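K.L.:
Pasting a structure here, questions to come.
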Amino acid sequence: MNNYKYFEQEGNKYHLKTQFVFIGFIGGLFLLGGLALIFTKGATDKANMWIGIGMAVLGAMSLLRLTAKTTIDMQSNQILMKKNFLASEVAYSLENFETFLVSSTVSLFGLTMNGAGCMVLNINGKEKILVLNHSIFTVKPLNNMVNEALQIMKLED
């Protein structure tokens, strides 16, 4: 049995671990910042109140991502994705798998601001991109996660 850093194995199913710290920090920052803006500056200024409401909603939506679940099921040869506890699970066949994509946004000073690790599928001639993980300031963890996924899918040793 392999020990994976980014996946938890349960038989032939591999569950992608949730990024509790990253998502919790970003979501909490926006939610608390938005609420603070609503009840301080927003109490006297309508524009600040609406900006605070927008920030709080974005924070709450980010925190919903904590309930997301991504599973690579090698027995049924599928990837199962559930965006949050309110959404239903969607199954994608690994037969449609094309490649992984690790992208980053780099600032003017060469600092990596954020990154995303995605799986690219070709479904009936249309490209479908499934976002697996995010990172800030580095993409190395995303590259490591992709390497583990390639091992699980038996595409690379």
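K.L.:
Checking the structure you have, find out if any residue of the stretch 43-51 is surrounded by 13 or more Cβ atoms within 10 Å (Cβ to Cβ), assigned to a helix (DSSP H, G or I), of a type in the set (S, T, N, Q) and in contact (Cβ under 8 Å) with a residue 12 or more places away in the chain.
P.N.:
No, every residue in the stretch 43-51 fails to be surrounded by 13 or more Cβ atoms within 10 Å (Cβ to Cβ), assigned to a helix (DSSP H, G or I), of a type in the set (S, T, N, Q) and in contact (Cβ under 8 Å) with a residue 12 or more places away in the chain.
K.L.:
Checking the structure you have, find out if any residue of the stretch 104-111 is assigned by TED's automatic domain parsing to the domain that holds Leu150, surrounded by 15 or more Cβ atoms within 10 Å (Cβ to Cβ), in contact (Cβ under 8 Å) with a residue 24 or more places away in the chain and within 23 Å of Leu132 (Cβ to Cβ).
P.N.:
yes
K.L.:
Looking at the stretch 13-30, can you tell me whether even one residue there is charged (D, E, K, R) and in contact with a strand residue (DSSP E or B) (Cβ under 7 Å, 6 or more places away or on another chain)?
P.N.:
Yes: the stretch 13-30 contains one or more residues that are charged (D, E, K, R) and in contact with a strand residue (DSSP E or B) (Cβ under 7 Å, 6 or more places away or on another chain).
K.L.:
Could you say whether any residue in the stretch 11-26 is farther than 28 Å from Phe137 by Cα, of a type outside the set (Gly, Ala, Ser) and outside the structural domain of Val139 (by TED's automatic domain parsing)?
P.N.:
no
K.L.:
Oh, and also: Ala60 versus (1) in contact (Cβ under 8 Å) with a residue 12 or more places away in the chain; (2) loosely packed, with under 12 Cβ neighbours inside 10 Å: which is the lone unmet condition?
P.N.:
Just one mismatch for Ala60, condition (2).
The values are calculated or read from the model by the stated rules, or taken from the named source; none is laboratory data. The model shown is predicted, which means the values in this text are computed figures rather than measured ones. Cβ sites come from the backbone with ideal geometry, for glycine too, and all protein chains shown count toward neighbours.
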